[in-house]
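Please treat every number below as a calculation from the coordinates, not as lab data. No experiment lies behind these values; they were computed from the predicted model shown. No Cβ is skipped: glycine too gets one built from the backbone with ideal geometry, and neighbour counts run over all protein chains shown.
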Ligand code: NAI
Ligand code: MG
């Protein structure tokens, strides 16, 4: 079967990491088969916005809906407001396509130094299930008297029983399938007594259906500490939109670099396409230099192939990345090496 993939490479290092990632997928499919992919490249980006006045054309969401998956690089430019890029494309996509599961694995690969001392390869092996459609990122609020001394901003978080329940349930299902069968829920219910307490209530009631899963709760500040102090205790972690966002930059760093952090934005019902993207942004500080680490994007394509049930190809990509890192000869600067984006991608293709 042929799957149609919409590609939004976006801004900054987005295109620099997405094109090599596509080459890796094409190489893995040539070798392992399992299906064919048709790449449909969409130019939506800050440059496109500057030319046309919009980042997504009027029929854009309909166009995207006709695809089996979306592969995204990153959006965001210093010279274009985030209201256009992040709030015009990225966040509405997650909501419109009901991609309520944002899963973000963090694994300490052999050959990659953690900034934490004495961590054995594989000792950090967690997956964060981040709620992706509501919570603190709900577009609810307003601004009054902007720029005056009376300036007021109201930013409202929205937690619904349905929204909490579906992400918590997805996390329990994931925990049940992993060897350690452990789930940690992260909230801040001592200080945020409405939304976060609803979340806790739902967590405690869903927990009863999963007696085989070792389930516990942590406050986010304690969790931030433990992500650094003893990240190996985490298996599956479930968190709200904001907390999941922040904690996954932390889990990326303790496993080496944000340049290795992959993510999937899943609509489990498959009513809409799911979206796959590296956790990192457009990295304007290194854009155009050809030194961005493409492995986060490459590992994100493996999550995409999992979703398309092309499992052999997905596993082959992960194995090739692990082999390149273990060998340690071709490492990008974020991992302490000197290799270019292209050299890293070529090493992965050679390993395949
Ligand atoms: P960022 O993730 O783009 O960069 C943070 C730091 O990590 C920078 O020092 C950067 O050089 C480094 N870095 C990121 N990816 C790397 C890679 N693949 N290899 C090596 N080093 C890498 O976050 P920042 O600077 O806060 O945001 C830049 C822009 O990206 C903003 O406009 C932001 O809104 C946007 N953004 C977009 C996201 C998306 O499209 N999903 C996600 C996060 C940020
Ligand atoms: Mg983030």
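The gain in end-to-end length when the residue 249 to residue 61 segment is fully stretched comes to 64.8 nm, 0.36 nm per residue minus the alpha carbon separation. Mean sequence separation of contacting Cα pairs (under 8 Å, at least six apart), scaled by the length of the chain, corresponds to a relative contact order of 24 percent. The length gained by stretching the chain between residue 79 and residue 289 to full extension, at 0.36 nm per residue less their Cα-Cα distance, is 73.7 nm. What number, in percent, do you get for the relative contact order of segment 71-167 if the mean sequence gap of Cα pairs under 8 Å and at least 6 apart is divided by its residue count? That works out to 21 percent. Computed from the Cβ-Cβ distance with R0 of 45 Å, the FRET efficiency linking residue 87 to residue 118 stands at 0.60.
If you restrict to DSSP beta bridges whose two residues both lie in the chain, what percentage is antiparallel, to the nearest 5? Rounded to the nearest five, the antiparallel share is 40 percent. Using only Cα positions of the chain, each an equal point scatterer, no hydration layer, compute I(q)/I(0) via Debye at q = 0.09, 0.14 Å⁻¹ and quote the log10 values to two decimals. Results for the chain at q = 0.09, 0.14 Å⁻¹ read -0.49, -1.22.
At residue 146 and residue 214, where each label point lies 7 Å from the Cα along Cα→Cβ, what is the point-to-point distance in nanometres? Rounded to a tenth, the inter-label distance reads 5.0 nm.
Inter-part distance, segment 266-322 to segment 15-52, computed on C-alpha centroids, equals 11 Å. In segment 125-254, Cα pairs under 8 Å separated by at least six residues give a relative contact order of 37 percent.
Net length available on complete extension from residue 222 to residue 2 is 74.6 nm, with 0.36 nm assigned per residue and the Cα-Cα distance removed. Between residue 194 and residue 326, the FRET efficiency estimated from the beta carbon spacing at R0 = 41 angstrom works out to 0.30.
Secondary-structure-derived ellipticity at 222 nm for the chain, considering helices only, amounts to -12000 deg cm²/dmol, per-run term -39500 (n - 2.57) for DSSP H runs with n ≥ 4. Rounded to the nearest 0.05, the FRET efficiency derived from the C-beta distance between residue 178 and residue 153 at R0 = 35 Å is 0.30.
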